[in-house]
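First the structure, in the form of structure tokens, and then the observations on it.
The values are calculated or read from the model by the stated rules, or taken from the named source; none is laboratory data. This one's a predicted model, so the numbers in the text were calculated from it and none came from an experiment. When we count neighbours, we look across all protein chains shown, and the Cβ atoms used for this are built from the backbone with ideal geometry, even at glycine. Just the protein is used for accessible areas: all its heavy atoms, side chains included, with ligands, DNA and RNA removed. Shrake-Rupley method; radii C 1.70, N 1.55, O 1.52, S 1.80 Å.
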Amino acid sequence: MSLLIQSDLPGLHLLHRGKVRDVYALDAERLLIVASDRLSAFDVVLPDPIPGKGELLTQLSNFWFARTAFLMPNHLTGFSVASVLPAGVDATLYAQRSVVARRLKPVPIEAVARGYLAGSGWKDYQASGRISGIALPAGLQQAEQLPQPIFTPSTKAAAGSHDETIDFDRVVATLGADLAEQVRAATLALYRHAAAYAAQRGILIADTKFEFGLDAAGKLYVMDEMLTPDSSRFWPAAGYRIGTSPPSYDKQFVRDYLETLHWNKQAPGPHIPPEVIAKTRAKYAEALHKLTA
């Protein structure tokens, strides 16, 4: 697998360099999205990359986009990456980590589905018995499966800031009632389908985040990345235990390491030891293999 920390595509207009993805304009209707090997945790880009991570994430996202196309249209156009790269650029560096995508207007919230109590949801539940304003049964434990999946959206924080969990009323105020209902329904439908499939492959999807966008006609699409170790918590079913933070295939492994440090979760982020990088990459690769066979 290749290593790409930051893309360099002379002649293409760079629209946005995010925590992980670099987005280029191709024309009025298409974008080139490049997944780098940068790693972010707690909304901070860390100084050490995970070699090949962008390729793994892109291939897994493309698998899910294809598998869920019957539920929800997605941003893929079908154009090959090689056909849009500038002359002289090494296509092998970009082919497996990039997609030619529809140019959409992003929906300005993070659409999060939760099926289990983990992460910030577990912390919110401990503090108030609620997540995103949704009251949950008393006495639930860490990592316990919820009675049913819930929609727990958050704000889209600027670089260096942290997302803020919001309730559905605020989503309605931001998007309008009709679009808010569409986003919630799509989020839960995609999660339920993916969680059922992954469980057959020995992986529990504790929670996941979707990005949505609108075309010029107002049609809703799922976009960006989908059900990857960067946007989800994947737990091996064989190691799942209620009451603890389960082992994972995702970057929770990195988060758990960072929680052992005296770090205020503000930039700049700390360096990650080589053994943590290697184990994280191996977990990403194993998740891809188990889910896509």
Please work out which residue is nearest to ALA198 (Cα to Cα), limiting yourself to region 226-253 and to residues that are within 19 Å of the chain's Cα centre (by Cα) and open to solvent by 20 Å² or more (accessible area, probe 1.4 Å).
PRO236
Some residue of region 260-268 being open to solvent by less than 50 Å² (accessible area, probe 1.4 Å) and more than 24 Å from THR152 (Cβ to Cβ)
yes
Looking only at region 195-206, how many residues end up being closer than 11 Å to SER232 by Cα and open to solvent by less than 10 Å² (accessible area, probe 1.4 Å)?
2
List the pairs whose first member sits in region 32-49 and is under 21 Å from SER98 (Cα atoms), whose second member is open to solvent by 10 Å² or more (accessible area, probe 1.4 Å) and among the basic types (Lys, Arg), and whose Cβ atoms are under 6 Å apart, counting only residues at least 6 apart or on separate chains?
ILE33/ARG21; ALA35/ARG21; SER40/LYS19; VAL45/LYS19; VAL45/ARG38; PRO49/ARG38
Cβ-Cβ under 9 Å pairs, at least 6 apart or on other chains, region 87-98 side touching a residue at least 60 places away in the same chain (Cβ under 8 Å) and farther than 15 Å from PRO51 by Cβ, far side assigned to a loop (DSSP other than H, G, I, E, B) and open to solvent by 90 Å² or more (accessible area, probe 1.4 Å):
VAL89/ASP8
Cβ-Cβ below 6 Å, separation at least six or inter-chain, first residue in region 120-143 and among the hydroxyl-bearing types (Ser, Thr, Tyr), second at pLDDT below 95: which pairs?
SER132/THR165
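Quick one: is HIS75 touching a strand residue (DSSP E or B) at 6+ places or on another chain (Cβ under 6 Å) and either within 16 Å of ALA95 (Cβ to Cβ) or crowded, with 23+ Cβ neighbours inside 10 Å (or both)? It would help to see each step written out before you state the result.
Working: touching a strand residue (DSSP E or B) at 6+ places or on another chain (Cβ under 6 Å): yes; either within 16 Å of ALA95 (Cβ to Cβ) or crowded, with 23+ Cβ neighbours inside 10 Å (or both): yes.
Spelling it out, HIS75 is indeed touching a strand residue (DSSP E or B) at 6+ places or on another chain (Cβ under 6 Å) and either within 16 Å of ALA95 (Cβ to Cβ) or crowded, with 23+ Cβ neighbours inside 10 Å (or both).
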Within region 1-48, restricting to residues that are among the basic types (Lys, Arg) and not in a strand (DSSP E or B), the one that is most open to solvent (accessible area, probe 1.4 Å) is LYS19
Qualifying positions in region 84-96 - open to solvent by less than 70 Å² (accessible area, probe 1.4 Å), among the small types (Gly, Ala, Ser) and part of a loop (DSSP other than H, G, I, E, B):
ALA95
Return the total of residues in region 97-135 being in contact with a Gly (Cβ under 8 Å, 6 or more places away or on another chain) and open to solvent by 30 Å² or more (accessible area, probe 1.4 Å).
4
Please work out which residue is nearest to GLU225 (Cα to Cα), limiting yourself to region 29-49 and to residues that are of a type in the set (Gly, Ala, Ser) and at pLDDT 95 or above.
ALA35
Provide a single number: the residues in region 117-145 that are under 16 Å from THR165 (Cα atoms), in a strand (DSSP E or B) and out of contact with any Lys or Arg (no Cβ under 8 Å at 6 or more places or on another chain).
3
In region 50-72, is there at least one residue being part of a strand (DSSP E or B), of a type in the set (A, V, I, L, M, F, W, C) and open to solvent by 10 Å² or more (accessible area, probe 1.4 Å)?
no
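Let's see how each residue does on (1) more than 16 Å from the chain's Cα centre (by Cα); (2) modelled with pLDDT under 95:
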{"site": "ILE131", "(1), (2)": "yes, no"}
{"site": "LEU136", "(1), (2)": "yes, no"}
{"site": "GLN148", "(1), (2)": "yes, no"}
{"site": "PRO153", "(1), (2)": "no, no"}
{"site": "GLY160", "(1), (2)": "yes, yes"}
{"site": "ASP163", "(1), (2)": "no, yes"}
{"site": "ARG170", "(1), (2)": "yes, no"}
{"site": "THR174", "(1), (2)": "yes, no"}
{"site": "ALA189", "(1), (2)": "yes, no"}
Checking the conditions here, which among ASP163, ASP178, ASP169 is assigned to a loop (DSSP other than H, G, I, E, B) and either open to solvent by 50 Å² or more (accessible area, probe 1.4 Å) or basic (Lys, Arg) (or both)?
ASP163
Conditions first: (1) part of a helix (DSSP H, G or I); (2) closer than 27 Å to SER2 by Cα; (3) touching a residue at least 12 places away in the same chain (Cβ under 8 Å). VAL81 passes all but one, so which condition is the exception?
(1)
